[in-house]
Amino acid sequence: MKRRRLELAVLACGAIFLLVLAFSFHPGRRPAASKSRDRSPRLPGPDSAGQPTTLLDGFDFTETVAGKPLLRIKADRTVGYGPGAGVPPNLYTGEKVTLTAYPDDGAPVTVYSDRADYDERSRESKMTGNVRWIDSDGSLAETAEARFHPSSRILEAPGKVHFTRGTMDLTARSSRYDLKDRVVRFEGPIEGAGSGEESGEVSHLTARQGLFRRDESVLELEFAEAQSTTGDRFASDHLVLKLSSERKHPEWARATGNVRGIISAQSPALRSAVKGGGGGGGVERQYSGEESLLSFDGDGKARSVTLTGSPALLWEAQRRLTARQIDISFSNGRATSARATGAVRIEAPDSRAESDVGTLGFGKDGATENAALEGNVRVESSGRTAQAARAAEVESRGIWVLSSGPGLPARVESAGSRITAERIEIDRPLHQIRAEGKARSVFSPDAQKGDRTVTFVGDPKRPVYGQAEKISLDDAQHLAILSGGAALWQDTSSLFADDITLSDAQKTVTAVHNVRAVMSPSKEPPGPRDGGRAPTAQDKAASVILAKRMVYGEADRSARFEGGVKMTRGGWHATGGESTAWLPKDVSVTGVECVEISGDVHMVDRTAGRSATAEKALDYPRQGKTTLWGSPARVVEAKGNQVAGAILTITDRGRSVEITAPEGGKTETIHRTEKD
C-alpha cells in the first residue's frame, strides 16, 4: 500500500526534473533562420517582446556532450521576437514542443507542451499549455506551466502538478526544483487518490508539504496521512521513503513524530481467507509510537514495521500491547506476529502481563492465537499474580503456561496462598492452576473473608505448606490435588501420601497410597486435660499413623484410616485393620484427642513392657488412657503376667488396668511369680 504511494510521489518528482532538462538547453545559442523568413508569423508575442522577426518550421535542436546526446528539442514552428527586422530576437516561442532527455543509461524520456518561450535577455524559459511527461511504464505527469530560472538554477511549477499512474492520481499545489542540490520541494496540500487496483490498495494520500532528494532517491513528506481501500490508515508528522534503484517501489519508509495508524480487519489476504471459510470478520488493530520503520520485500510488499516510543502501542478490541519497541511482521499483506522488547506489557479483559520481551502470534483471521513472554515475566489473571522466567499464552484455550529458569521457579500467588514449580498452567476457562515439576505450595486462609484452610495437619487459621510432583488447584470445584510424593505440613505435624486431595466444598482431606500422618501435640503448659501434672516424654511424642487410605472430615474433626493401619507414639505401637483419629475441637490445639483402632488389634508399649491384643482399641494420648474390647481383650506384661476380659481399661500411663467381664462371663488374671 505504502509502496505505491511513494512510487507516485517520486515519479511526479521525476516529471518535474525532466521539465528542468527541457528548459536547460544552451541559452546562448540562437536557432538559425529558415527559408520561410518572409512568411507572416501567426503566433502572438508576449508583452514587451517586440515584433516577430524570425519564423522557423520544423525546428530540431540536439545538444551533445563528448559526442553523446544530452537532450533534443523539436517544435512544429518557432517564432523569434525582437525590436525590429535585422535585429537579433529577444524571445523565442515554440509551438508543439517535444523534448527528449537522454540519461547515461536506459531509455530516453520525452516531455511535451503546446508552447515554450525562451527569453534571451533573462535566459529564463517557460513552457505552457498541456505540459506533460510520459514514461515507458505509462505514467503521466501534467502541469499547466513550468518556469526555469537559470540564475538560481531553479525550476518552478507555480501551479498545480498532476501525476497519474494506473488508477492513482497525485497532485501538489506547486513545486520548485533546485538543480544544484537536486532536490524538489512540493508545496501542499499534496493529495493523492486512486481505486487501489494498481496502487498497492492506496485510495487516498495527503501531506502538508514534501521534498524529493533525487541523488539519494528519498522522498520526505510532512504531516502525511494515507488510507487504503481496505481501511488501513497511517499518519505521522514526518515521513521519509527510500526508493529502490529501479524506482518501482520503496525499499523502506521511516516515520517520526506522532506516528499512528490502523491495520484493517479486511486485508487482501484476510478477505481471501474469509471467502474460503477461513474466518469471520477479522480483527482491526491500531498502533502508535514516536518513530516507525517499514521495510519491504523484493516485490515491494510490506515485510515488517518497527515501532518505537515511550511507549509504542499496538491494540485491538480485547488486547493492548505496549513496549519501548514493537516489531510487526507481515506475509501477503497480513500481520502474522508482533515482537516487543523493553518494558513489555500485554493487557486483556481478564489478564495482564509484563516482561522484558514478548511476542504475539496472529491467525489467518487476524485474531491473536498465542503470546510468549521472556525475562522477568509477571502475569495477573483471575485474581492471581504469577512470576516466571518465561510464559506463553494459548489464546484459543485461554491458558497461560509459566516456565522456570535457572534459580527462578515459576510462581503463582493469590490471597496469601502461593504455588511454585518448574511449569505452571493458569487455565482461565476452567478456573484451574496446574503445577508440575518440584511443585511447592502454601495454602493460607483469606484473612479478609475470615476463611479457614481445610487441612488435616495443624491450625486451619494458619498457613499450611505442601509439595508434590504435581499440584492442581480448581477454583470451580474448590479442590487442591497434590500428586506424586505429596506432602502437607505445619510446624511438626505432617501428612504424606502418593496423592492428597483437599476439598473446600466438602471440607475434607483425602490421602491415598502410602499414607503417613504425623500429629504432633501442641507445645502448651499442662492443663485440665492432663490432670494438672507435668507432661511426660510420652505426652510430647507425636502420633504417627501409616495406612493405605485416609479421609479427614472437618465437620467432626475426624480422620479415618484404612488398609493395614499402623500407629506409633513414642514407645507405643499398634496395628489393626482400620482406624479413626479425632482431633481436638479447639483448632488451635494440635495433636490427637483420641484414636480408635479396630480389626485384629495388636499393641506393644515398650516403655511399660506390655503388649495387648483386642478386636478394638480406643486410645486417649493426652489422658494416658487406653480401652480395649475383645472376646476377650488381653494384656500381657513382660514378666508374663496376663489380664483378659471383655473390656480392659489401661490408665495412669499403664500403671493400672481395669477389667470388665462380659455379660454372664468372667475375667481372667494370670500372675507369674519369679519362680514361675
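The values are calculated or read from the model by the stated rules, or taken from the named source; none is laboratory data. Bear in mind that the values here come from a model prediction, so they are computed numbers and not experimental data. We place every Cβ from the backbone using ideal geometry, glycine too, and count neighbours over all the protein chains shown. Protein only, heavy atoms only, side chains kept; ligands, DNA and RNA dropped before computing areas. Shrake-Rupley method; radii C 1.70, N 1.55, O 1.52, S 1.80 Å.
General observations
- Checked against (1) open to solvent by less than 80 Å² (accessible area, probe 1.4 Å); (2) under 30 Å from Lys585 (Cα atoms); (3) not hydrophobic (A, V, I, L, M, F, W, C), Thr420 passes all but condition (2).
- Odd one out for Ala226, checked against (1) within 13 Å of Ser264 (Cβ to Cβ); (2) part of a loop (DSSP other than H, G, I, E, B): (2)
- In region 348-372, the residues that are assigned to a strand (DSSP E or B) and not small (Gly, Ala, Ser): Arg352, Glu354, Asp356, Val357, Thr359, Leu360, Phe362, Thr368, Glu369, Asn370
- Count - residues of region 566-590 that are crowded, with 21+ Cβ neighbours inside 10 Å and under 54 Å from the mean Cα position of the chain (by Cα): 3
- Taking region 351-375 as the range and being free of Cβ contacts under 8 Å to residues at least 60 places away in the same chain and of a type in the set (Lys, Arg) as the test, only Arg352 passes.
- Unmet requirement for Arg622, which otherwise passes all of (1) at pLDDT 80 or above; (2) closer than 30 Å to Pro460 by Cα: (1)
- Any pair with Cβ under 9 angstrom, 6 or more apart, that starts in region 376-396 at a residue that is closer than 10 Å to Ile426 by Cα and part of a loop (DSSP other than H, G, I, E, B) and ends at one that is among the acidic types (Asp, Glu) and open to solvent by 60 Å² or more (accessible area, probe 1.4 Å): Ser382/Asp350; Ser382/Asp475
- Filter pass, Thr613 being among the β-branched types (Val, Ile, Thr), touching a strand residue (DSSP E or B) at 6+ places or on another chain (Cβ under 6 Å) and either modelled with pLDDT of 85 or more or within 29 Å of Glu554 (Cα to Cα) (or both): yes
- Positions within region 380-396 being touching a Leu at 6+ places or on another chain (Cβ under 6 Å) and farther than 15 Å from Gly416 by Cα, in sequence order: Ala388, Ala389, Ala391
- Test set (1) over 23 Å from Asp181 (Cα atoms); (2) buried (at least 18 other Cβ atoms within 10 Å of the Cβ); (3) modelled with pLDDT of 75 or more - Ser139 fails condition number: (3)
- Looking across region 148-200, the residues that are among the basic types (Lys, Arg) and either modelled with pLDDT under 80 or within 26 Å of Asp299 (Cα to Cα) (or both) come down to Arg153, Arg165, Lys180, Arg182.
- Check on Glu374, open to solvent by 50 Å² or more (accessible area, probe 1.4 Å), under 28 Å from Asp474 (Cα atoms) and modelled with pLDDT of 90 or more: yes
- Whichever residue in region 332-350 is in contact (Cβ under 8 Å) with a residue 60 or more places away in the chain and open to solvent by 60 Å² or more (accessible area, probe 1.4 Å) and, among such residues, is farthest from Leu293 (Cα to Cα): Asp350
- The strands (runs of 3 or more DSSP E) found wholly in region 449-505 and carrying at least 1 residues that are open to solvent by 40 Å² or more (accessible area, probe 1.4 Å), of a type outside the set (S, T, N, Q) and more than 17 Å from Ile419 (Cα to Cα) occupy 493-503.
- Top-ranked residue in region 295-309 [being open to solvent by less than 40 Å² (accessible area, probe 1.4 Å) and of a type outside the set (Ser, Thr, Tyr); ranked as farthest from Gln325 (Cα to Cα)]: Gly300
- Flag for Ala480 being modelled with pLDDT of 95 or more and under 28 Å from Ile399 (Cβ atoms): no
- Residues being within 21 Å of Asp232 (Cβ to Cβ) and of a type outside the set (A, V, I, L, M, F, W, C) - total across region 333-368: 11
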